[in-house]
Each structure stands twice: as structure tokens, then as C-alpha cells.
1. Name the residue, out of B:Ala186, B:Ala210, B:Ala190, that is in contact with a Phe, Trp or Tyr (Cβ under 9 Å, 6 or more places away or on another chain) and surrounded by fewer than 20 Cβ atoms within 10 Å (Cβ to Cβ).
2. Test B:Ala99 against the criterion of being aliphatic (A, V, I, L, M), under 21 Å from B:Leu392 (Cα atoms) and either more than 14 Å from chain A (Cβ to nearest Cβ) or without any contact (Cβ under 8 Å) to a residue 12 or more places away in the chain (or both), and give yes or no.
3. Tell me which residues, restricted to segment A:49-75, are free of Cβ contacts under 8 Å to residues at least 24 places away in the same chain and in a strand (DSSP E or B).
4. Any residue that is touching a His at 6+ places or on another chain (Cβ under 8 Å), assigned to a loop (DSSP other than H, G, I, E, B), without any contact (Cβ under 8 Å) to a residue 60 or more places away in the chain and more than 14 Å from chain B (Cβ to nearest Cβ) - is there at least one of those in segment A:83-97?
5. Take A:Arg117 and tell me if it is among the charged types (D, E, K, R), within 12 Å of chain B (Cβ to nearest Cβ) and either part of a helix (DSSP H, G or I) or farther than 16 Å from B:Phe152 by Cα (or both).
6. Provide a single number: the residues in segment B:288-331 that are of a type outside the set (Gly, Ala, Ser), under 14 Å from B:Ile182 (Cβ atoms) and over 15 Å from the mean Cα position of the chain (by Cα).
7. Examine segment B:369-384 for a residue that is assigned to a helix (DSSP H, G or I) and at pLDDT 95 or above, and state whether such a residue exists.
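The values are calculated or read from the model by the stated rules, or taken from the named source; none is laboratory data. Predicted, not measured: the structure shown is a model, and the values here were computed from it. With ideal geometry, Cβ positions are generated from the backbone for all residues, glycine too; neighbour counts draw on all protein chains shown.
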Amino acid sequence: MRAAVANRPDFRVLPLVTDHNRHFWTGGEHGELRFLRCTVCRHWIHPPQPICPACLGRTLAVEAASGRARVATFTVNHQRWIPGFEPPYLVAIVELPEQPGLRLTTNLVNCDVEDARIDMPVRVVFEQRDDVWIPLFEPDGAA
Amino acid sequence: MSERGAAISGIGQSAVGRRLGRDPVDLTLDAALAAIADAGLDRRDIDGLASYPGGWFGPRGFSGPSIPELQDMLRLDLSWFAGGPEAPGQLGSVIDAIAAVACGYANHVLCYRTVWESTAQGGGGRPGIGTAGGGGGSGFRASSIMEWTLPFGAASAAVWIALFAKRHMHEYGTTREQLAQIALNARRNAGRNPKAVYRDPMTLDDYLAARMISTPFCLYDCDVPVDGATAVVVSRADRARDLRKPRLRVEAVGTALRGRPSWDQFDDLTTMAMRDAGAMLWQRTDLRPRDVDVAELYDGFSFLAMSWLEALGFCGKGESGPFVAGGTRIALDGELPLNTHGGQLSAGRLHGYGFLHEACVQLWREGGDRQVAGDPKVAVAAAGGGPLGGCLLLVRD
């Protein structure tokens, strides 16, 4: 197996977990990439908000996405912005197949920086830290 | 009533440089008093104030004195004032002032922007946004937009915009050599601007040899933090007619943002808010891109100037790479002189206001060694990246 690029940096800034985003940041405990979804029109919602931006429905439910995605774009970061999060590492925007434009900024892991490609199929993996499961993405060999 | 009821009547700028060690209040006063004098006005004529992003906002060094502070120091009697970060880019504050004078709320609005990021950063490197220089075990937790970026080490607009540049390269075949032309052009022009901070000649080899920040951006794709304050006086067009200098009429503005106001959820990952602001500008005037004599377009990162070229219709969508290739078209003596002062890449990160200042310098033919030839009458100034974008078209009668 090749060396992971961003597999467990010494330090990550963690998100502030609230009642509004807990489903997203803790879904990894159950291996699930979770979003809010409108129970009326089935629109996926990200980041979390209390109203469906498509139909203005106010009844939303947490639902797991497949965890699969494609790399919409990526960058190899070489600058040390955060002590303990040492470069180089891959930052990507991935788009989920569940809905056009449903995207996450994330890290590509288990992928050499030279091997990252736009449109590459990837799948979610979670990195736990304290009370948070960070969704990262690795190449999806099965896709 | 429209933006044509407004004009720029004066400009001012403090000293600009790396680690000046000056009080940002002093820098602001230098710029403000210079702009008022440049317009041929007295402080008693100033009845409006506008600023971005509001007083002492954001990380240390990102902004200077508040509107109430400046009002009180100069004992101004104000009919109208506004300041804050929620605006269509850094020039949104100027565009607010344009609306205010066109509407008759005020006659002469002093608009200003102060940065002292270089002194604030001292000898250290440029910190990530929202990290407050912290790290390892500080207990800090990210919220708001940083919640979705900081956990992934995407702690700078360099990373966020690099993602767009990469997608642009993927879709349109844009190259690093083309991106480089924005930086090389800026450096060439900075060599003719005594106030620019980086004036030494730069070659394509220098550019390609520079260390990478976040691919495809190398060091020279990223602007340079400086200390400095810039001010402009926005006047009612009728009140600006008989002042010290020929008025620079506001022909059109662009402020639109039609996609999601987000760095990673915007509908098109090859452009940003400037797409909508640029389109709006041309909907508000009969002038066309070919009428523009000089373009001062935000280059906080090189790719943003490319995006503005496309957004403002100087070339087609995706065609900014070939447009700037070789650098002759955007040179001082080219068909569209771009960032004639050196931009933020080489003249320094005055954060949006520097472009408006330079557009006025050129229209008043005060550019000295960097003055474009002929008799430039139409200039565009644009600022912002990501969900921030605002632009102005100025005309000297």
C-alpha cells in the first residue's frame, strides 16, 4: 500500500458540533455520510439549514448518502497553514452522485499527490478525533 | 436616478509598504486628507463616510479605524454613512456611496480602506484564515464557513481559489505559463511605480522556479500583504463638475451574486461572483468592453484577474488563458493595459481599493512612468473573489 498523503496529521482544527450539524460530523461513528434531506421534495441540503432551499419545506430528516463521489477539483497544498497539519496534502471538492451540485470540501487520502485526477471516483472514509468523525475521501477502486 | 448621478472627485493614498510600523489610524488620516484635498474640498464639505469591512474587523491588520472613529477625529457632520463586510466585494462600500449621492442622501462621501497586515504579521509567515496563528491542541473549534474548510487544512483563500484555477485548467486547458502572465505583467508595471513594493524584474523562469503554495499557485500567484490606506471621494455628479479635477463619472456598476454565496457550493467551479457582477455592469451601459481603455482587475491571486477578464467580457468564457498568453495584449502598451500599477501581486495588497485608485490615476493621466499612452477616457475597476465581487466603469467626460 502506498503512503497516505493526509492520513492522520498530528492536528486538525475540529468543527464546533451543534444540534444543527451533529448528524454530519458524527455520522461516521456508524460509517455513514449524513445530510439533511427534505421529506417533501427529497432535496439534499448542505450545509445544514432549517428550511429546504428548493421547496421551502420545513420538515427535514437526516439521511445517509451512498458515500461515493467524484473529484470535481483538487489542489496539492504545500504551505504550512496550521502547525501540526503538515504539507503536502490534497484538498479536493468532491461532488456526490445523489444530487448535482451537492459538494464537500475534503482531503483525498490513500492517494499519492501525483495520482489525484479530476473526475476520479472516490468514497468516504472517516477519521475520528474526539467527538467528531471527519469525512475524507479515498480512491474508489471498485467504481 | 442611477449611478450616473455620481462621480469620483478625488483620491488619496498613504505610504504603502512592508512593515511600515505606522499606526493604521495615521495611515487612514493620510489617505483621507489627501483625497479631500485632491478633490479640492474642505472637510466641512464631506457629509458621508463609507468603508469596507468596518472598523478593526477580522484578523489583526485586516482593517483600520471605524467610521465613528474617523467621523469623530475629523468632526464631520454626516448625512449618510455605511460600513461593513457584507457587501459585493471590497468596492461594495464605494458602490454604496455612489447610490447614496445619486439618491441625494449626501453630496460628498469619503470612502476608505486601510490594511496593515504586513506589520501585523511581523517577521512571521502569512497565517491561515481563522487559525489565529494557533494550532496543536488550542481547543479552538471552527464554525460558520470555516467549519467546512479548516478541518481539512484549507485555511487560506489560496487553497480555495486554487481549486477553481485547477478546474479552469481542466475544462479549458489553461496553463501555468498563462497564469504567469498576470504576475509578470504586474511586475513589469510595478517597476514603473515608485510606490510598488516588489519592483525587481521577474522572468517566466523565476515564476516557474518559485515554491508552490497550493497547486497550481506558486508564491508569485499570491498577493503581498502590505500596510497602506486608500481613500476616494464619491460626489454627486452635479457637485463634482466644477471641482479641482475633471470629474470621473460613474457609468455603471456591477453588484450581482446569483449563485450560492459560497466558496465550494457555487454552481460553476470555473468562475465566481464576478460572473454575475460583470454581466450586470454591461447591462447598465451602452458602452462595450472594447470601449475600455484601461482595466484594473483584482489579482489577490493571479487567477482572479483571469476570471475578471472573462466575467467582464474582455474575452469569452474559458478564453482568458489564450487572451493573456505572451503578455502583449495586457501590457502597458497593449490593447487592454491591465493592472498598470502592479496590482496586488507586486504593488501590494491594498485590498480592492488600489484598483479603483489606479483607474482614477490613469484617467487623470497622473501615472507618470506607468501612464498608458493616448487619452484614456474609460476605465474599469473590479475587486473580489469567491462570493465577493463588485465592479465599476468610470468615464472621464
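1. Numbers: B:Ala186 fails: surrounded by fewer than 20 Cβ atoms within 10 Å (Cβ to Cβ); B:Ala190 fails: surrounded by fewer than 20 Cβ atoms within 10 Å (Cβ to Cβ).
Matching residue, one of B:Ala186, B:Ala210, B:Ala190: B:Ala210.
2. Here the answer is yes, as B:Ala99 does meet what is asked.
3. Once the filter is applied, which keeps residues that are free of Cβ contacts under 8 Å to residues at least 24 places away in the same chain and in a strand (DSSP E or B), segment A:49-75 yields only A:Thr75.
4. So far as segment A:83-97 goes, no, none of its residues is touching a His at 6+ places or on another chain (Cβ under 8 Å), assigned to a loop (DSSP other than H, G, I, E, B), without any contact (Cβ under 8 Å) to a residue 60 or more places away in the chain and more than 14 Å from chain B (Cβ to nearest Cβ).
5. Numbers: among the charged types (D, E, K, R): yes; within 12 Å of chain B (Cβ to nearest Cβ): yes; either part of a helix (DSSP H, G or I) or farther than 16 Å from B:Phe152 by Cα (or both): yes.
In short, yes.
6. Here the count works out to 9.
7. yes
Residues checked against (1) away from chain B (no Cβ under 14 Å); (2) under 29 Å from B:His170 (Cα atoms); (3) not β-branched (Val, Ile, Thr):
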site: A:Asp19; (1), (2), (3): no, no, yes
site: A:His30; (1), (2), (3): yes, no, yes
site: A:Thr39; (1), (2), (3): yes, no, no
site: A:Ala54; (1), (2), (3): no, no, yes
site: A:Ser66; (1), (2), (3): yes, yes, yes
site: A:Arg70; (1), (2), (3): no, yes, yes
site: A:Phe74; (1), (2), (3): no, yes, yes
site: A:Leu104; (1), (2), (3): no, yes, yes
site: A:Glu127; (1), (2), (3): no, no, yes
